[in-house]
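Working notes for the structure below.
The values are calculated or read from the model by the stated rules, or taken from the named source; none is laboratory data. Note that the structure is a prediction, hence the values are computed from the model and not measured. For neighbour counting, all protein chains shown are included, and Cβ atoms are generated from backbone atoms with ideal geometry for every residue, glycine included.
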Amino acid sequence: MTTERSAEMYKNLREMYASIANIEFLVFLFGKEIALREGYTVHTDGFDAINFYLAQKYSWTPTQIHSMSAQDVSFLLEEEMANWDSRKACQNLSELEKQTKRLYDARGVAYYHLALFGDFIADREGYKELTEMEAIYFYIAQKHSWTTTYVKRLPFEELESLLIEERYGWTIPPDARET
């Protein structure tokens with residue numbers, strides 16, 4: 001299956017991965033709010049505070065918590081986040097938080113690029129139904145004899161490093177580039 005998309009589809013895909021990275025950033029920011037609310041005295045970043053909070057609330061181990069995506073965590077914290085004004089939080093960012101936001105924005109672009117590489121892998125390997133990240137997960141699982149469940153839990157950076165050789169020389173399709 002050759003993965004062909006219109007410019008509009010590429011734009012939507014790019015926006016989807018930017019949104020995922022934005023959710024991660026908002027969870028990070030909310031973690032700082034949790035630290036203030038709960039009176040955590042140890043200097044923690046947003047994710048440390050959330051991990052500590054979830055461990056206390058649900059008696060989960062760090063391993064259990066770290067296996068969750070930011071989307072899973074935001075779902076678990078939906079009740080706590082209900083009255084939190086994320087727009088207001090984003091308007092009053094410190095310089096460090098602004099830098100962190102730029103890192104998450106760049107991460108969204110990297111997610112998008114890896115998903116596009118997944119399309120390339122799907123075409124190269126002859127996958128009929130798999131595209132984007134699902135093709136990446138399946139390819140890595142097959143290559144290393146791992147389960148896809150295990151691969152899906154790997155951090156993004158780990159996925160990137162597992163594909164470093166395959167990505168050498170690959171470029172983003174011209175239609176998929178941001179204008």
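For region 18-102, the helices (runs of 4 or more DSSP H) that sit wholly inside it and include 1 or more residues that are under 18 Å from the mean Cα position of the chain (by Cα), at pLDDT below 90 and within 19 Å of P155 (Cβ to Cβ) are 46-58, 62-66, 70-76. One residue is enough: does region 57-80 have a residue meeting the conditions free of Cβ contacts under 8 Å to residues at least 40 places away in the same chain, surrounded by 16 or more Cβ atoms within 10 Å (Cβ to Cβ) and under 30 Å from D175 (Cα atoms)? Scanning region 57-80 turns up no residue that is free of Cβ contacts under 8 Å to residues at least 40 places away in the same chain, surrounded by 16 or more Cβ atoms within 10 Å (Cβ to Cβ) and under 30 Å from D175 (Cα atoms). Looking only at region 87-115, residues that are surrounded by fewer than 15 Cβ atoms within 10 Å (Cβ to Cβ) and over 21 Å from E160 (Cα atoms) come to 10 in all. The number of residues in region 130-173 being under 22 Å from Q64 (Cβ atoms) and among the charged types (D, E, K, R) comes to 4.
Residues of region 124-179 that are among the hydroxyl-bearing types (S, T, Y) and outside any loop (DSSP other than H, G, I, E, B): Y137, Y139, T148, T149, Y150, S161.
Filtering region 139-155 to residues that are under 18 Å from the mean Cα position of the chain (by Cα) and among the aromatic types (F, W, Y) leaves only Y150. All conditions in (1) surrounded by 12 or more Cβ atoms within 10 Å (Cβ to Cβ); (2) part of a helix (DSSP H, G or I); (3) at pLDDT below 90 hold for M1, with the sole exception of (2).
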